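Chemist: Below you will find the structure I want to go over with you.
Taken together, the values in this text are just the output of simple stated rules run on the coordinates, not laboratory data. As the structure is a computational prediction, the values presented were derived from the model and not from experiment. Backbone-built Cβ (ideal geometry, glycine too); neighbour counts: all protein chains shown.
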Amino acid sequence: MAKKQFKAESKRLLDLMVNSIYTHREIFLRELISNASDAIDKLYYHALTGGDTGLNRDDFFIAIEPDAAGRRLVIRDNGCGMTREELENNLGVIAKSGSLAFKQEQPGNENIDIIGQFGVGFYSAFMVSSTVEVVSRAYGSEEAWKWTSSGADGYTVEPCQKEDGHGTTITLTIKENTEEDRYDEFLDPMYLRQLVKKYSDYIRYPIRMPMPKHRLKEGTENEFEDVTEVETLNSMVPIWRKSASEVTQEELDSFYREKFMDYEPPMRTIRSSTEGTATYQALLFIPAHTPYGYYTKDYEKGLQLYASGVLIMERCADLLPDYFSFVKGLVDSQDLSLNISREMLQHDRQLKLIAGRLEKKIQSELKSMLANDRETYEKFWKNFGLQLKYGAYSDYGAHKELLQDLLLFASSQEEGGLTTLAEYAGRMKEGQKYIYYACAENAERASHLPQTEVLRDQGYEILYLSDDIDEFALKMMRDYGDKEFRSVSDSDLGVEDDAKQEELKKASEEHKDLLEEMQKALEGKVAEVKLSGRLKSHPVCLSTEGALSLEMEKVLNAMPGDSPVKAKLVMELNAGHPVFDTLCRLMASEEGRKKVDIYAQLLYQQALLIEGMPLEDPVEFSNQICQLMQED
Ligand code: ADP
Ligand code: MG
């Protein structure tokens, strides 16, 4: 019989496809099962619309039959089958999808749930087969046809017998193993079952396979026998397709644990689905703990992506923004085609739409958790808060609006507890210009910073920041509402009244010599020594001028690479402190001035220690203190 050539463009496409569209050969099974499922859908649809009552939904099935000895794998369905013309048209021309045509022919077609529409899936069979044989009998027809091909060199179509009724039987002759590739596994029932579970678990018709079993012989106690038993491999109804009233939280929890391999149930389950511009169901989970390796670059974010119940991507990163990378789960959409490649997905409009919806949904769920279940939210915050803060900082603060009300901070007002920015704003004093914050290793230390004392005394609330990213995030966000964030170490806190300013100015004039002497002693270390308006019980503190704070200097310099940065430091003295009186007294004699130089060093080093900065020369510092102790 004359061999027919594939259409020229098909030939090239076939080559291309077999070698590049699919990254995993194993998906051929998914493709053939999806086609079988589509074929059953079509027949069932006809039966429904044509009033043909002879067909019963329960009679439909898909069978997989491996034959290791014969190196054959059969995939069989009792769907609509194909006529001779359909065989030629659908399998002879790549990228021609009978399913798409079918969909377009039906009135109100957007509701038909058929997977195929791209017209290349079938050819994935050639990734694992040396020969593909398709025997098909169209529903209602008496004749059957056999289509055979060994790849790009063409195909034959001939009449044949098919006794078991309508439908399609595809027989793959599995390739021989080569040095690099093993194909045997596609004949192994255990492996095939695994593939069905992974990719086709939610196909709505039973997928059956004879499974070899080793079991106790009936009526005996220790005699075993090898038998085969037909097993249904797929669970058929995806849990995310069931309505909320049909599934219990317990079922969702165990689904999550099994699927995402977690030992704990999720902290929160989020369900989202829409119809319209983008039809999808999403089932999302927030883990109850930080996944292993979460804050490392090895962690891969992403959601499982299904097209009409068939897994097409294990981890689709484009569905989740980085700041919600902790979310696990899946999305099932009827608008995506099965055969879409990774690169194409990235530009897929539907996918972008879905991602946008999910982002808003996750945000609003977190918000409602914060409002209604503060305790759980604080646990969540402990696990993933850092990621949200990175989000607020990233992309030049572009996600500020989305994230700012999800942030929590330790604060001077909430002993041991956390506050939102909205709560802080609600407690602000009349006329308060800024939202204050103090940075240190932890909240406890921040609360002891000398710079915080006067602010707290005057009743201003201070946020205590302790993560490296914190100050960077606040600087990137700039403000909340119309209130700017301001560090307690900033040279201008906006709280000093005019009288106090005047007083400081006068005192500074009076002690000009002392301040100049000390500044000289600290040449190259601080830009200025001045009298402070913010100190109460401490003699000294450091503040900064310009955009770079001491905390930021510390963080930036701890990063590898870049050349060191230096904050512009100001040393502030408390004129009301006894130490200051000593300094003034010492200024009177030549001998005393030398001491002032040493005291300047000591005060500077103390201030560094309080800020949690390393001493420039600890031995020198220790020597100077010893010297003081000997003088007594
Ligand atoms: P797609 O599924 O994207 O349409 P395929 O290459 O997977 O593309 O299949 C091409 C066409 O062949 C299908 O659209 C369908 O019309 C037909 N077809 C494939 N497998 C079967 C089958 N088991 N039963 C009936 N028709 C089939
Ligand atoms: Mg297909």
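Chemist: Answer rounded, prolate or oblate for segment 123-259, using the Cα gyration tensor with square roots of eigenvalues a ≥ b ≥ c: rounded when a/c is under 1.5, else prolate when a/b is larger than b/c, else oblate. All intermediate terms of the calculation are to be shown ahead of the outcome.
Modeler: Working: a/c = 1.67, a/b = 1.41, b/c = 1.19.
The shape class here is prolate.
Chemist: Could I ask something else about it? Select from segment 534-609 those chymotrypsin sites (Phe, Trp or Tyr not before Pro) which occupy a DSSP coil region and have at most 11 other Cβ atoms within 10 Å, ordered by residue number. Walk me through the numbers before you get to the answer.
Modeler: On the way: sites: Phe580, Tyr599, Tyr604; in loops: none.
Answer in residue order: no site qualifies.
Chemist: What order, most packed first, do the peptides 265-275, 609-619 have when packing is the mean number of other Cβ atoms within 10 Å of each residue? Show your work: numbers first, answer last.
Modeler: Working: 265-275: 17.5, 609-619: 13.6.
Averaged packing, sorted descending, gives the order 265-275, 609-619.
Chemist: Now, a different point. Taking the Cα centre of segment 274-377 as origin and charging only Cβ (+1 Lys, Arg; -1 Asp, Glu), how large is the dipole, in debye to the nearest 20? Each step should come with its number before you reach the end.
Modeler: Values: 12 positive and 14 negative charges, 38 e Å.
Charge dipole, segment 274-377, about its Cα centre: 180 debye, nearest 20.
Chemist: Let me ask something else. Roughly speaking, what is the centre-to-centre gap between segment 197-243 and segment 361-390 when only Cα atoms are used, to the nearest Å?
Modeler: Segment 197-243 and segment 361-390 have Cα centres spaced 41 Å from each other.
Chemist: Between His24 and Glu528, what's the calculated FRET efficiency when r is the beta-carbon distance and R0 is 56 Å? Round to 0.05. Don't skip to the end; give the middle numbers.
Modeler: Working: r = 65 Å, r/R0 = 1.17.
Calculated transfer efficiency: 0.30.
Chemist: In what sequence, highest mean first, do 401-409, 243-251 appear when ranked by Cβ atoms within 10 angstrom?
Modeler: The peptides rank, most packed first, as 401-409, 243-251.
Chemist: First check a/c for segment 434-573, with a ≥ b ≥ c the square roots of the eigenvalues of its C-alpha gyration tensor; if it is under 1.5, answer rounded, and if not, answer prolate when a/b is larger than b/c or oblate otherwise.
Modeler: In terms of gyration-tensor shape, oblate.
Chemist: Using a 10 Å cut-off on Cβ atoms, rank the peptides 567-577, 292-302, 587-597 from the highest mean neighbour count down.
Modeler: Details: 567-577: 20.8, 292-302: 11.5, 587-597: 13.2.
Sorting 567-577, 292-302, 587-597 by mean packing, highest first, produces 567-577, 587-597, 292-302.
Chemist: Evaluate the distance, in nm, between pseudo-label points positioned 7 Å from the Cα of Asp373 and of Val579 along their respective Cα→Cβ axes.
Modeler: Here the modelled spin labels are 5.0 nm apart.
Chemist: Then there is this: How many nm is it between the label spots at Lys594 and Lys536, if each spot is 7 Å from the Cα in line with the beta carbon?
Modeler: 4.0 nm
Chemist: Shifting gears a bit: Which length gain, in nm to one decimal place, applies between Gln413 and Cys160 when the Cα-Cα distance is subtracted from 0.36 nm times their residue separation?
Modeler: On the way: separation 253, 0.36 × 253 = 91.08 nm, distance 8.46 nm.
Computed gain between Gln413 and Cys160 is 82.6 nm.
Chemist: Run the helix sum for the chain: -39,500 (n - 2.57) per DSSP H stretch of 4+ residues, divided by residue count, reported at 222 nm to the nearest 500 deg cm²/dmol. Please list the in-between numbers first.
Modeler: Values: 19 runs with 227 residues, N = 632.
Calculated at 222 nm, the ellipticity per residue is -11000 deg cm²/dmol.
Chemist: Just going by the charge dipole of the chain, with Lys and Arg at +1 and Asp and Glu at -1 on Cβ, which of Pro212, Phe260, Leu284 is farthest out on the positive end?
Modeler: Pro212
Chemist: How far apart, in nm, are two points set 7 Å out from the Cα along the Cα-to-Cβ line at Lys512 and at Glu85?
Modeler: 10.6 nm
Chemist: Moving on. Taking R0 as 56 Å, what's the FRET efficiency between Thr274 and Leu609 from their Cβ-Cβ distance, rounded to 0.05? Present the calculation step by step, with values, prior to reporting the outcome.
Modeler: On the way: r = 57 Å, r/R0 = 1.03.
FRET efficiency, Thr274 to Leu609: 0.45.
Chemist: So, one more: Tell me, how many Å apart are the Cα centres for segment 253-318 and for segment 532-607?
Modeler: 52 Å
Chemist: Still on this structure, I have one more. What does the convex hull of the alpha-carbon atoms of the chain project to on average, in nm²?
Modeler: Numbers: hull surface 173.0 nm².
Answer in nm², one decimal: 43.3.
Chemist: Tell me, Val132, Val579, Val227 in order of fewest to most beta-carbon neighbours within 10 Å?
Modeler: Working: Val132 23, Val579 15, Val227 12.
By the 10 Å Cβ count, ascending, the order reads Val227, Val579, Val132.
Chemist: Could you list, bin by bin from short to long, the percent of Cα-Cα pairs of segment 264-321 in 10 Å steps?
Modeler: Calculated over all Cα pairs of segment 264-321, the distribution is 18, 47, 28, 6 percent.
Chemist: Right, next: Answer rounded, prolate or oblate for segment 489-553, using the Cα gyration tensor with square roots of eigenvalues a ≥ b ≥ c: rounded when a/c is under 1.5, else prolate when a/b is larger than b/c, else oblate. Could the numbers behind the result be given before it?
Modeler: Working: a/c = 1.95, a/b = 1.10, b/c = 1.77.
Taking the square roots of the gyration eigenvalues as a ≥ b ≥ c, segment 489-553 is oblate.
Chemist: For segment 565-613, give the magnitude of the charge dipole about the Cα centre (Cβ charges: +1 Lys/Arg, -1 Asp/Glu; no others), in debye to the nearest 20.
Modeler: Working: 6 positive and 6 negative charges, 27 e Å.
About 120 debye.
Chemist: If you don't mind, another one. Taking Lys175 as the anchor, which lysines have their alpha carbon closer than 29 Å to its alpha carbon, excluding any fewer than eight residues away along the same chain?
Modeler: Lys3, Lys4, Lys7, Lys11, Lys96, Lys146, Lys162, Lys197, Lys198, Lys213
Chemist: Follow-up question, since we're still on this one. Got a sec? Charge dipole of the chain, +1 on Cβ for Lys and Arg, -1 for Asp and Glu; which of Leu522, Leu43, Pro189 is way out at the positive end?
Modeler: Going by the Cα projections, it comes out as Leu43.
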